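Asker: Before I ask anything, let me first share the structure, which is written out below as structure tokens.
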Amino acid sequence: MSGTYLGMPAFPEAAREAVGDRTLRGNLRHATHTIRAKRAKAVAEVSDWAELREAGKRIKDHTLRHLDRYLVQLEESVTAAGGTVHWAADAEEANRIVADLVKATGESEVVKVKSMATQEIGLNEALEAEGIHAYETDLAELIVQLGRDRPSHILVPAIHRNRGEIRDIFRREMGEWGRAAPEGLTDTPAELAEAARLHLREKFLRAKVGVSGANFMVAETGTLVVVESEGNGRMCLTLPETLISVVGIEKIVPTWRDLEVFLQTLPRSSTAERMNPYTSMWTGTTDGDGPQHFHLVLLDNGRTDTLADEVGRQALRCIRCSACLNVCPVYERAGGHAYGSVYPGPIGAILSPQLRGTQSEIDASLPYASSLCGACYEVCPVAIDIPEVLVHLRERVVEGGPVVREGNKVVLKPAKGHAAERAAMRAARWAFAHPAALRTGQRLASRTRRLHPRTLPGPGKAWSASRDLPAVPAEPFRDWWQRTNGGKDGAK
């Protein structure tokens, strides 16, 4: 999985730098607070939201339990409808398949619908190496591409940019990618949108190959679904002669009827709309209508390894709504780039370490990029218990243990830098298993509490640098309980 950017530091260091950027923090605060308020209002309109949430969770869990069967059914349905299915075990294989398909058409340009799966595998960079130019058509993705930047949000990839910055990017870069920005372009949203529309229109009309992802795939019919707000997806999905869709294997749902649930929960959780403006669905090919060649690339890239984890697999329920990012106090202050992945925020903190493994310093730090406040779980439309998975992954980082990587069972070694934490936990386990030693330690701590430092020394310094150490009581609870006869004497 690409997205671990070379030379990028682990989350604590990257977040420390991001927090010091006042412009970034202002952009994030304004955007996330606005989106979360609108989402809360949209969700409150639905009287059976809790039931829809539970239904989405059950549909996803059922599908994951029977993923092998539904994937075979999907392949049969797509093939019967005139499409071709390709299976990609990892990013390298997926990129090679797409590059070969594009080269077979004789074209050197493709237009793209916003797709996190293609960002995950680094498709744009892989195509560029083959002499193929990929043009992003989603407005936010266009801003990111023109700015030679990285996405920082699942739904709004350019959330870290304000209008002035976007205007400057358009003025400076559009001419090098195609139609230049109009003279005298201002930072008003209408003018920026019009500049993007004019810039993209010529690419839509010229492109012979389109590349997309999909929000959902229906096993029953072989139908793929893309939901979006701008209409660029509709242009990419209908105008090119060849359409290549790269989709993670977890995006499948069994039946057409299952879409009813997600087409209610996804737009309200993501854009706070009752329904998304554009819902595009296509099933194979049709003579004389739309793309005449359709290829579906089914991407694994660590997903079956994640499926093997009974706790962590719930991350595969994710429908990429981004609601968890908009309520997360850590994301709001650190931004998406600090996560070193195309999947930022709380969902990225549990998804990336499972897809990529926890061996790298970046991925080992991600499960700690959370305060465990639980706000992400409360807003998740498919009830992913993100705090539970975070704690589960923290244990994996500290203790190591058996996992599945590339389909094989392996035993991970504990990550470096956690020896003191492991020693502390083992000492605590021993103390709790020996009541007399625990009682002695509590009494000693109470009697020497005036001498206790305000911050921890050595390895504990990083922990206490952002936390107040709890005050030690003058008397241990056990002694108080014994002295007051369980509180019955009324003594303090």
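Asker: Of these, Gly147, Gly106, which one is open to solvent by less than 50 Å² (accessible area, probe 1.4 Å) and either under 22 Å from Glu202 (Cβ atoms) or of a type in the set (Val, Ile, Thr) (or both)?
Answerer: Details: Gly106 fails: open to solvent by less than 50 Å² (accessible area, probe 1.4 Å).
The conditions single out Gly147.
For (1) basic (Lys, Arg); (2) exposed (fewer than 13 other Cβ atoms within 10 Å of the Cβ); (3) modelled with pLDDT of 85 or more, each residue gets a yes or a no:
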site: Leu451; (1), (2), (3): no, yes, no
site: Leu456; (1), (2), (3): no, no, no
site: Gly460; (1), (2), (3): no, no, no
site: Ser466; (1), (2), (3): no, yes, no
site: Leu469; (1), (2), (3): no, no, no
site: Val472; (1), (2), (3): no, no, yes
site: Glu475; (1), (2), (3): no, no, yes
site: Asp479; (1), (2), (3): no, no, yes
site: Asp489; (1), (2), (3): no, yes, no
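Asker: Then there's this: Which residues, counting only those in the range 47-101, are of a type in the set (Phe, Trp, Tyr) and surrounded by 20 or more Cβ atoms within 10 Å (Cβ to Cβ)? Even if it seems obvious, please write down each step before you answer.
Answerer: Applying the first criterion (of a type in the set (Phe, Trp, Tyr)) to the range 47-101 yields 49, 70, 87.
Once the filter is applied, which keeps residues that are of a type in the set (Phe, Trp, Tyr) and surrounded by 20 or more Cβ atoms within 10 Å (Cβ to Cβ), the range 47-101 yields only Tyr70.
Asker: Also: Is at least one residue of the range 177-191 open to solvent by less than 10 Å² (accessible area, probe 1.4 Å) and more than 20 Å from the chain's Cα centre (by Cα)? Write out each step before concluding.
Answerer: Let us first name the residues in the range 177-191 that are open to solvent by less than 10 Å² (accessible area, probe 1.4 Å), namely 185.
Applying the additional criterion that residues be more than 20 Å from the chain's Cα centre (by Cα) yields 185.
Yes.
Asker: Would you please list the contacts, defined by Cβ atoms under 6 Å and residues six or more apart or on different chains, that run from a residue in the range 471-490 that is more than 30 Å from Thr455 (Cα to Cα) and of a type outside the set (Asp, Glu) to a residue that is modelled with pLDDT under 90 and in a loop (DSSP other than H, G, I, E, B)?
Answerer: From residues that are more than 30 Å from Thr455 (Cα to Cα) and of a type outside the set (Asp, Glu), the pairs are Thr484/Ala491.
Asker: So if I check each of Val410, Val398, which one is of a type in the set (Val, Ile, Thr) and more than 29 Å from Leu325 (Cβ to Cβ)?
Answerer: On the way: Val398 fails: more than 29 Å from Leu325 (Cβ to Cβ).
None of the other options fit; the residue is Val410.
Asker: If a residue counts only when it is under 20 Å from Ile121 (Cβ atoms) and either at pLDDT below 95 or not β-branched (Val, Ile, Thr) (or both), which helices (runs of 4 or more DSSP H) contained entirely in the range 184-300 have at least 2 such residues? Give the derivation first.
Answerer: Numbers: elements: 189-206, 232-238, 259-270.
Filter on the range 184-300 gives 232-238.
Asker: Moving on to the next point. Starting from residues that are of a type in the set (D, E, K, R) and either open to solvent by less than 60 Å² (accessible area, probe 1.4 Å) or touching a Leu at 6+ places or on another chain (Cβ under 6 Å) (or both), keep the ones in the range 192-229 and report whichever is farthest from Trp256 (Cα to Cα). I'd like the intermediate steps shown before the answer.
Answerer: Restricting attention to the range 192-229, the residues satisfying the condition of being of a type in the set (D, E, K, R) are 194, 197, 201-203, 206, 208, 220, 228.
Then keep just the ones that are either open to solvent by less than 60 Å² (accessible area, probe 1.4 Å) or touching a Leu at 6+ places or on another chain (Cβ under 6 Å) (or both); that gives 203, 228.
Numbers: Lys203: 33, Glu228: 19 Å.
Ranking the candidates gives Lys203 first.
Asker: Follow-up question, since we're still on this one. How many of the residues in the range 405-449 are assigned to a loop (DSSP other than H, G, I, E, B), among the small types (Gly, Ala, Ser) and modelled with pLDDT under 90?
Answerer: Residues of the range 405-449 assigned to a loop (DSSP other than H, G, I, E, B): 406-407, 413-418, 433-434, 448.
Then keep just the ones that are among the small types (Gly, Ala, Ser); that gives 407, 415, 417, 433.
Those still in the list that are modelled with pLDDT under 90 too: 407, 415, 417.
Looking only at that region, the number is 3.
The values are calculated or read from the model by the stated rules, or taken from the named source; none is laboratory data. The structure presented is a predicted model; accordingly, all values stated were derived computationally and were not measured. Every residue, glycine as well, gets a Cβ built from its backbone with ideal geometry; the counts of neighbours run over all protein chains shown. Note: areas computed on protein heavy atoms with side chains; ligands, DNA, RNA excluded. Shrake-Rupley method; radii C 1.70, N 1.55, O 1.52, S 1.80 Å.
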